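First comes the structure, then the notes that go with it.
The values are calculated or read from the model by the stated rules, or taken from the named source; none is laboratory data. Please read these numbers as outputs of a predicted model, since none were measured by experiment. A quick note on method: Cβ atoms are made from the backbone with ideal geometry, for glycine too, and the neighbour counts reach across all protein chains shown. The accessibility values were calculated without ligands, DNA or RNA, using every heavy atom of the protein model including side chains. Shrake-Rupley method; radii C 1.70, N 1.55, O 1.52, S 1.80 Å.
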Amino acid sequence: MDWLRWFGRWGERDQVKARLESLREDYGGHGDRVIRLSARTDLARKSAGSTQRAFAFVESAFAVATQEYARINDLFEGVEAGLARGKVGNLGAIDQAIKGLGPKLDDLERQLATWEAKWQQTPREIDEAERTLAALRVLVEQAVAAVGAPLPLSDRLASMESHLERCKRVLAEGNPVEAGHLVGDLQLSIEKVGTDVSAYVSGASAITQAEQEIAQLQERLAGAGDRPEAVAALTAAAGYVPGLRPALAAGRLEQFQADLLQLQRQLGVARAALR
């Protein structure tokens with residue numbers, strides 16, 4: 001009965017079928033890509049572990065792309081069913097849908113690439129943070145030895161090591177995005193403690209230097225005769241020394257710096273008085 005429905009419209013029928021075949025070819029050109037992206041998504045989904053929240057962007061892009069691909073197939077079937085009844089369907093809608101499918105597949109590919117990159121990047125970042133943290137522990141131990149007392153840095157270091165273990169657990173649970181955020185926080189903490197270590201080491205060095213200078217000035221004072229101003233200044237300078245290491249060890253850096261500044265001023269007075 002197909003010939004009867006298209007009686008006198010053979011040219012139109014052939015044009016429609018040719019156009020439909022062309023659209024089918026365009027549509028089929030996306031088929032291999034859909035298959036490849038579906039396989040990549042399935043592989044990524046299996047590696048996503050128990051934590052799916054970070055995978056939501058991939059899943060959303062996958063749903064949009066594959067649902068659109070299926071909808072276009074339904075449009076084809078509807079047009080083909082209409083042709084069997086002598087009706088010309090909306091080929092323009094199919095054409096527009098196929099043109100819009102590519103960007104949806106592009107978005108899925110971008111989301112997958114981001115996810116896959118995170119699976120490669122985050123473990124490297126965690127390994128690097130672990131190496132940096134181990135080196136930082138050596139510096140903290142050196143600072144403790146220089147100050148001669150436990151430092152608040154030791155507690156912060158222990159906290160960061162616990163944070164590192166959390167990064168590893170989150171990655172193992174299948175959430176490289178969240179693990180990446182956590183290791184980013186850890187890197188900032190490492191940088192901050194690294195800066196603080198330098199302050200403690202510098203502080204300990206300043207104390208040692210001040211103690212040596214006081215001893216040297218006291219030797220000069222012993223052979224300089226009556227120098228009451230120098231005596232008073234050296235006595236005042238020496239009075240600050242006992243509190244410096246406890247203040248530094250306790251992390252009271254502002255007090256430490258203020259007392260060290262006063263000590264240096266008194267040493268300046270003593271040096272001037274001994275000229």
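Please verify whether T51 is modelled with pLDDT of 85 or more and under 31 Å from the mean Cα position of the chain (by Cα), treating the condition exactly as stated. Taking the combined requirement at face value, the residue does not satisfy it. Checking every residue in the range 161-179 against the condition of being outside any helix (DSSP H, G or I), open to solvent by 10 Å² or more (accessible area, probe 1.4 Å) and within 21 Å of S60 (Cα to Cα) gives at least one match. State whether one or more residues within the range 112-123 are outside any helix (DSSP H, G or I) and either open to solvent by less than 40 Å² (accessible area, probe 1.4 Å) or modelled with pLDDT of 85 or more (or both). No, the range 112-123 has no match at all.
Within the set E191, E213, the sole residue that is part of a helix (DSSP H, G or I), acidic (D, E) and open to solvent by less than 50 Å² (accessible area, probe 1.4 Å) turns out to be E213. Within the range 131-155, can you find the residues that are assigned to a helix (DSSP H, G or I), open to solvent by 60 Å² or more (accessible area, probe 1.4 Å) and in contact (Cβ under 8 Å) with a residue 40 or more places away in the chain? Correct list: L139, Q142. Going through (1) in a helix (DSSP H, G or I); (2) open to solvent by less than 50 Å² (accessible area, probe 1.4 Å); (3) at pLDDT below 85 one by one, L108 falls short only on (3). Can you pull out the residues in the range 217-275 that are open to solvent by less than 60 Å² (accessible area, probe 1.4 Å) and in contact (Cβ under 8 Å) with a residue 60 or more places away in the chain? Listed by number, the residues that qualify are L248, A249, A250, G251.
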